[in-house]
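First the structure, in the form of structure tokens, and then the observations on it.
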Amino acid sequence: MIWHVRRVLTGHDADGRSTFIADGEAPNVKEMGSNSGLAITELWETNGAPASNAGDKDAGNRKVRLEPPKNGTVFRIVEFPPDSQWQNRPDARKWAEAIDADHVPDRGSSDPMMHKTNTVDYIIVLKGEIYAIVDKGETLLRTGDVFVQRGTNHSWSVRGSEPCVIGVVLVDAKPIGRAKTVTAKKPQKKSAKKAGKKRK
């Protein structure tokens, strides 16, 4: 069962006084795969920097997609079910397609969740336990732990029997790639035919 989130929003009235403009269950929820338990609850988005606090439009009511807009942010809740519930499903790799992120998975990895985004992610574990996995290791995160993901190839794994719920703010960031090894070019050998012509 997907975790339900109460979301409270503030704004301004016609006189410029602060007020509450919404208080209720966050309505924008997307489950990636039927009954997979892998779900995103979209809470808010900013578009550009500095962010605008004008108006009373619900910026969380947008098509659910993985990455924030250019120079923007996304605030969301993500629920990860136990690995045993979804990782062996035939549609396990379709999670990214469901949120317009078919370009982010690491297709060379056997892990269906391994991926990389051009973001800085501020993450706090709200409920349960989850392993954060990178190319060269993994670490267990528990309720209350904070994780800062900085444009790295990464994945998630829930190895217990209970889901894990995390709060995430994704911030658009400049792309970063692996360092390339530069190899010095070897001098080319002159062919015997050309060398012979020069001697004459």
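The values are calculated or read from the model by the stated rules, or taken from the named source; none is laboratory data. From a predicted model like this one, the values you see are computed outputs, not experimental measurements. Heads up, the Cβs are rebuilt from the backbone with ideal geometry, glycines too, and the neighbour counts pull from every protein chain shown. The area values use the complete protein model at the heavy-atom level, side chains included, leaving out ligands, DNA and RNA. Shrake-Rupley method; radii C 1.70, N 1.55, O 1.52, S 1.80 Å.
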So W3, is it open to solvent by 30 Å² or more (accessible area, probe 1.4 Å), more than 23 Å from I133 (Cβ to Cβ) and of a type in the set (F, W, Y): no
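If you take the residues in segment 92-128 that are assigned to a strand (DSSP E or B) and surrounded by 18 or more Cβ atoms within 10 Å (Cβ to Cβ), which one is modelled with the lowest pLDDT?
P105
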Test for R7: is it in contact with a Gly (Cβ under 8 Å, 6 or more places away or on another chain) and at pLDDT 95 or above: yes
Matching residues, segment 134-160, being crowded, with 16+ Cβ neighbours inside 10 Å and more than 13 Å from the chain's Cα centre (by Cα): L141, S157, V158
Single condition K70 does not satisfy, out of (1) part of a loop (DSSP other than H, G, I, E, B); (2) more than 26 Å from A96 (Cβ to Cβ): (2)
Total residues in segment 53-74, condition open to solvent by 90 Å² or more (accessible area, probe 1.4 Å) and either in contact with a Phe, Trp or Tyr (Cβ under 7 Å, 6 or more places away or on another chain) or among the hydroxyl-bearing types (S, T, Y) (or both): 0
Enumeration of residues in segment 6-47 that are within 21 Å of E162 (Cβ to Cβ), assigned to a loop (DSSP other than H, G, I, E, B) and open to solvent by less than 30 Å² (accessible area, probe 1.4 Å): M32, G33, S36, G37, L38
Test set (1) outside any strand (DSSP E or B); (2) open to solvent by less than 40 Å² (accessible area, probe 1.4 Å) - P50 fails condition number: (2)
Long-range neighbours under 6 Å by Cβ, at least six apart or interchain, first residue touching a residue at least 40 places away in the same chain (Cβ under 8 Å) within segment 147-171, second open to solvent by 40 Å² or more (accessible area, probe 1.4 Å) and in a loop (DSSP other than H, G, I, E, B): N153/D106; N153/K116; N153/D135; V165/W3
